[in-house]
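The values are calculated or read from the model by the stated rules, or taken from the named source; none is laboratory data. Here the structure is a predicted model, which means the values were calculated and not measured. Here Cβ is always computed from backbone atoms with ideal geometry, including for glycine, and neighbour counts include all displayed protein chains. Each accessible area value is taken on the protein alone, full model and side chains, heavy atoms only, with ligands, DNA and RNA left out. Shrake-Rupley method; radii C 1.70, N 1.55, O 1.52, S 1.80 Å.
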Amino acid sequence: MSEHAYEDISYEVIGPVARICHARPNTGNAEGTRLLDELDAALKIAGRDDAIRVVIVGGVGKHFSAGHDVKEAMGRPNSVEARYAYEEERYLGHCLRLWDFSKPTIAQVQGACIAGGFMVANMCDLVVASDDAYFADSTCSMLAAAATEVLVHPWVLGLRAAKEFLYTGRKMMAEEARQLGMVNRVVPRAELEAATLALANEIAKAPPFAMKLLKRSLNRTADMQGFRNAIQAHFEAHELSHTTDEYKVIRQGGLEATIARTKAGVA
């Protein structure tokens, strides 16, 4: 086992598997700029390493991720141009690079998987969740933004389930997510790490170039159905929703209130 040094993520190499984890447990693994940049950099390292055949994306501690670092976001410039550039690179861009990553990826999800965390987990090829894991995206109902920047939801949940999930902002437990096809496997919390690693090692046995071509063909199937165009089109709608009066009212309501709404249920 080998490790790379980062501040907001952890990176481990376990045989043919790289495990990259959000590592800000004191913030519910909120995804700040440094964490996202480190995650992106770690993926590039794993992609260049021919010995790595599968990547696991997880979270240290109680939760996978509580989503966007709202406190940091409230401190960034609020101009349309600055926000667009930031979110295009670190949300849309990062998620599409994760989707396009040449090797199989598995999200290892426990506890909360919310908003930005939902995007990251669901841009992975597979999802293994603990029996206490839950998913949520209340961005519309609580923050007056048109869901998260990357609208992967209908592609992993189906359109009707995604509409209910997003319209209500409700939590979805792991077993329901498995029944809907968003989660591949649900295991007891104590077995999550071992079960995810076992699946990764099973996948790693396949010839790597054939796996690369297979993943590319599967992703192209989604792209031919409109996946990439839909993702990119929604990003524009999301950015527009940041300029509305109703969004401004919520933003002006105060930092603490916004954080409390976004982090509800994450402790």
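Overview of values
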{"item": "Residues (within 21 Å of E246 (Cα to Cα) and buried (at least 24 other Cβ atoms within 10 Å of the Cβ)) located in segment 117-141", "result": "D137, T139"}
{"item": "Helices (runs of 4 or more DSSP H) fully within segment 52-127 counting 3 or more residues that are in contact with a strand residue (DSSP E or B) (Cβ under 6 Å, 6 or more places away or on another chain)", "result": "116-122"}
{"item": "Subset of segment 142-194 [at pLDDT 95 or above, assigned to a helix (DSSP H, G or I), of a type in the set (A, V, I, L, M, F, W, C) and open to solvent by less than 40 Å² (accessible area, probe 1.4 Å)]", "result": "V156, L157, A161, A162, F165, L166, A174, A177, L192"}
{"item": "Output for segment 9-25, where each listed residue is touching a residue at least 12 places away in the same chain (Cβ under 8 Å) and either over 22 Å from W99 (Cβ atoms) or surrounded by fewer than 20 Cβ atoms within 10 Å (Cβ to Cβ) (or both)", "result": "S10, V13, I14, G15, P16, A23, R24, P25"}
{"item": "Which numbered condition F101 misses (of (1) open to solvent by less than 10 Å² (accessible area, probe 1.4 Å); (2) touching a Gly at 6+ places or on another chain (Cβ under 8 Å); (3) within 20 Å of Y11 (Cα to Cα))", "result": "(1)"}
{"item": "Subset of segment 153-186 [aromatic (F, W, Y) and more than 20 Å from M123 (Cβ to Cβ)]", "result": "Y167"}
{"item": "Y11 vs. criteria of a type in the set (F, W, Y) and not in a strand (DSSP E or B)", "result": "no"}
{"item": "Residue check for T258: part of a helix (DSSP H, G or I), open to solvent by less than 70 Å² (accessible area, probe 1.4 Å), at pLDDT 95 or above and on the phi < 0 side of the Ramachandran plot", "result": "no"}
{"item": "Qualifying residue in segment 61-80 (condition: in contact with a His (Cβ under 8 Å, 6 or more places away or on another chain) and either of a type in the set (S, T, Y) or crowded, with 22+ Cβ neighbours inside 10 Å (or both))", "result": "yes"}
{"item": "Identity of the residue in segment 72-85, more than 15 Å from E236 (Cβ to Cβ) and of a type outside the set (K, R), that ends up modelled with the highest pLDDT", "result": "A82"}
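Let's see how each residue does on (1) closer than 26 Å to P104 by Cα; (2) over 19 Å from the mean Cα position of the chain (by Cα); (3) β-branched (V, I, T):
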residue: K205; (1), (2), (3): yes, yes, no
residue: P208; (1), (2), (3): yes, yes, no
residue: K212; (1), (2), (3): yes, yes, no
residue: S217; (1), (2), (3): yes, yes, no
residue: T221; (1), (2), (3): yes, yes, yes
residue: Q225; (1), (2), (3): yes, yes, no
residue: Q232; (1), (2), (3): yes, no, no
residue: A237; (1), (2), (3): no, yes, no
